[in-house]
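The values are calculated or read from the model by the stated rules, or taken from the named source; none is laboratory data. Note that this is a predicted model, so its numbers are computed, not measured. Cβ placement follows ideal geometry from the backbone for every residue including glycine, while neighbour counts extend to all protein chains displayed.
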Amino acid sequence: MADDKIKKMIHDSEHGMTSIVKTIVRFVIGIIFVFGVYIILYGHLTPGGGFAGGVILACGYIILTLGFGKILGLKKLSDKVASVLDTAGVLVFLIIGLAGFTGGYFFLNFMAKGEIFHLASAGTIPLMNIAIGVKVTASIFAVFIALSIFGKFVSALGESSEENRKGSNEE
Amino acid sequence: MQGYYPLFTAIPLGMAFFNLLAAKINQKISDFLAFLAMASLSVMAVKMLFEAPFAYHVGGWAPPFGILLISDGLSSMLLVIINVIGLLAMIYSTKYMDSYTAKEKYYTLFLLMIAGMNGVVITGDLFNLYVFLEIASIASYALVGFGCEKNELEASFKYLILGGVASTLILFGIAFLYSLTGTLNMPDVAIELGKIGMNKGVGFVMALFIAGFGLKASSVPFHAWLPDAHPSAPAPISAMLSGVLIKALGVYSIARLMFHIFGPSALVSSIIMFLGALSMVVGVFLAVGQHDFKRMLAYHSISQMGYVTLGIGLGLNPNVSPALAALALFGGLFHMVNHAVFKSCLFLCSGAFEYRTGTRDKLKMGGLVRKMPVTSATCSIASLSISGVPPFNGFWSKLIIIFAFLKAGYTIYGVLAIFVAFMTMISFIRLQMNVLFGELPKRFEKIKEAPFLMTLPLVVLAILCLAIGIAYPFIDSVMLEAAKDTLLDQAAFLSFIAGV
């Protein structure tokens with residue numbers, strides 16, 4: 001059972017930080033995600049929007065990875081899925097923009113605007129917020145993965161070039 | 001065409017990301033998709049030359065509230081340069097980039113750079129200009145470091161830091177301008193500035209813009225990043241950076257803002273002319289001693305862009321006679337087109353030589369005309385063109401600039417321009433002696449001509465060098481005259497806000 005594995009990982013001191021951190025992360029993670037989704041969905045009504053909400057969601061994934069280690073973090077959102085979501089988010093955004101050509105203009109808000117201050121209002125803007133939210137979540141988490149987990153590869157490169165430099169000095 | 005004007009940014013942007021997804025399924029298709037995007041953009045860009053000026057309201061919002069896209073002679077000219085050179089560089093890349101990994105990511109960055117440059121050129125909104133400028137710049141930072149070797153990463157980092165400083169200065173300038181006028185729409189800003197007149201705030205904004213866009217255009221006091229960044233990039237990217245990027249982001253933006261928003265002024269004109277003359281002279285002196293083929297070309301880019309800024313600078317001067325100002329401006333714009341053609345040809349040639357010989361050091365090459373005749377012939381034509389030998393295109397534009405300066409009484413600048421043309425010629429004669437002629441080193445006995453997909457863009461560019469020189473009246477009537485008239489006619493620019 002995958003659940004058992006994850007449960008084991010949660011209590012295993014080999015992965016991630018101490019149980020204090022893990023408990024706190026488990027306590028706040030749900031709130032972080034709900035808040036991120038709220039910021040995205042209410043982007044057209046209150047301050048916030050796709051970018052701000054996406055950053056909050058990405059921070060949720062980052063906190064998971066920091067607390068529980070990279071295995072669990074990558075299991076929740078792997079680098080490959082992140083890269084596909086990243087690309088798909090942009091494409092959806094662009095397609096909504098292009099769909100405006102049906103009304104004659106690029107980025108025309110062609111959908112019904114609805115009633116002001118209602119959740120289902122403002123035409124295409126909530127859809128665009130969702131697309132941007134997905135993109136920002138995926139790309140910021142991908143940057144985090146690249147800098148932290150895959151970053152070891154880069155620092156190994158740096159070490160080898162330093163060795164080269166030492167070697168050339170000796171020559 | 002009019003209704004589809006935003007496609008100039010939408011096509012490359014969409015294809016950049018679609019390419020990444022498609023390459024996950026089939027690696028081979030990314031070559032084709034990228035080519036398709038660039039080919040359609042070039043066709044559209046050439047078509048735009050024959051359109052009357054118009055304004056496009058994004059999302060149907062009337063200016064000054066919505067984003068305004070502007071199509072006039074100047075932007076059409078830049079669109080042609082960007083997309084045609086981009087198409088040729090893209091064809092060249094399909095073969096050249098085989099020696100690198102992650103080709104589809106290269107195409108993504110390339111197309112993002114194109115999207116950013118097209119955006120800068122078509123937009124009529126200051127903040128929009130900044131956003132597209134950043135898209136193009138950030139893509140180019142990544143492309144400079146694409147080889148991931150030590151030198152390339154160092155050059156990329158240097159470029160990133162200085163480019164970041166430039167972007168910050170530009171953003172500051174835009175913020176100040178917004179606080180002064182309360183609008184970001186370019187024609188609207190110009191109208192508001194006309195009411196305010198000149199004050200310290202406006203002067204400060206001008207200084208910020210000259211420094212910021214000067215860094216992007218790498219005029220001399222701001223040039224430190226270019227000689228590192230341009231040689232480190234893969235050859236097609238060097239061609240794009242030197243041939244197109246510094247023009248679209250730097251010189252175009254300076255010209256558009258200074259002519260259309262701030263209006264001609266003697267002070268700005270003298271500053272820009274001084275920067276131009278300084279880049280011209282310093283660039284060529286630094287170039288003469290270089291052994292690295294691409295580094296030498298990069299220094300020559302600084303020097304040749306000096307001619308362009310010099311011409312545009314005199315065009316801004318309200319005190320000389322309008323005919324001479326127009327002539328100098330025309331020379332500057334003409335040289336901009338010519339420089340795009342011959343400099344990208346030279347960079348692609350250097351890439352072809354490097355592809356076969358594995359070195360960029362001029363002194364280690366020699367006698368390559370016997371082994372790589374097509375590449376050598378195109379390299380020769382482009383060298384003659386940049387040195388200003390008639391009947392190639394570089395001759396005419398330099399002649400016009402020099403003539404305008406001597407006639408307008410700026411004898412020192414005129415003489416300096418002649419001197420720099422002479423130094424450029426010396427430098428390129430040495431290049432030809434070292435690379436094309438002389439003795440063929442033993443280890444190059446077995447090399448072959450570069451592959452067809454790499455020589456094809458070279459031949460096209462070399463033919464363009466000759467064709468623009470000979471069929472100059474045609475090019476003049478199709479794009480240069482319109483671009484010049486656009487810049488000199490501020491009233492027409494202001495009328496865009498009313499909608500066409």
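Here are the numbers for the structure shown:
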item: Helices (runs of 4 or more DSSP H) lying entirely in region A:19-78 (those with 2 or more residues that are over 15 Å from the mean Cα position of the chain (by Cα) and farther than 18 Å from A:Ile145 by Cβ); result: A:19-41
item: Hits in region A:96-117 - residues which are more than 8 Å from chain B (Cβ to nearest Cβ) and either free of Cβ contacts under 8 Å to residues at least 60 places away in the same chain or surrounded by 17 or more Cβ atoms within 10 Å (Cβ to Cβ) (or both); result: A:Ile96, A:Ala99, A:Thr102, A:Phe110, A:Met111, A:Ala112, A:Lys113, A:Gly114, A:Glu115, A:Ile116
item: Count of residues meeting criterion [buried (at least 24 other Cβ atoms within 10 Å of the Cβ), part of a loop (DSSP other than H, G, I, E, B) and small (Gly, Ala, Ser)] in region B:225-271; result: 1
item: Test for B:Ala235: is it on the phi < 0 side of the Ramachandran plot and modelled with pLDDT under 90; result: no
item: Selection status of B:Ala142, within 14 Å of chain A (Cβ to nearest Cβ), aliphatic (A, V, I, L, M) and in contact (Cβ under 8 Å) with a residue 60 or more places away in the chain; result: no
item: Selected residue (only one of B:Lys95, B:Lys24 is in a helix (DSSP H, G or I), more than 12 Å from chain A (Cβ to nearest Cβ), over 18 Å from the mean Cα position of the chain (by Cα) and among the basic types (Lys, Arg)); result: B:Lys95
item: Any chance B:Ile170 is of a type in the set (A, V, I, L, M, F, W, C) and within 20 Å of the chain's Cα centre (by Cα); result: yes
item: Qualifying residues in region B:39-92 (those that are assigned to a helix (DSSP H, G or I) and free of Cβ contacts under 8 Å to residues at least 24 places away in the same chain) - the one nearest to B:Ala340 (Cα to Cα); result: B:Val43
item: Residue satisfying all of: in region B:129-169; buried (at least 18 other Cβ atoms within 10 Å of the Cβ) and among the β-branched types (Val, Ile, Thr); farthest from B:Ala233 (Cα to Cα) among these; result: B:Ile135
item: Residue count for region A:9-63, restricted to those that are closer than 30 Å to A:Ile125 by Cα, without any contact (Cβ under 8 Å) to a residue 12 or more places away in the chain and among the aromatic types (Phe, Trp, Tyr); result: 0
item: Those helices (runs of 4 or more DSSP H) lying entirely in region B:390-482 with at least 2 residues on the phi < 0 side of the Ramachandran plot and polar (S, T, N, Q); result: B:393-407, B:411-435
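Residue by residue, here is whether (1) more than 17 Å from B:Ala421 (Cα to Cα); (2) in contact with a Pro (Cβ under 8 Å, 6 or more places away or on another chain); (3) not in a helix (DSSP H, G or I) holds:
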{"position": "B:Arg295", "(1), (2), (3)": "yes, yes, no"}
{"position": "B:Ala298", "(1), (2), (3)": "no, yes, no"}
{"position": "B:Ser303", "(1), (2), (3)": "no, no, no"}
{"position": "B:Gly306", "(1), (2), (3)": "no, no, no"}
{"position": "B:Thr309", "(1), (2), (3)": "no, no, no"}
{"position": "B:Ala326", "(1), (2), (3)": "yes, no, no"}
{"position": "B:Phe330", "(1), (2), (3)": "yes, no, no"}
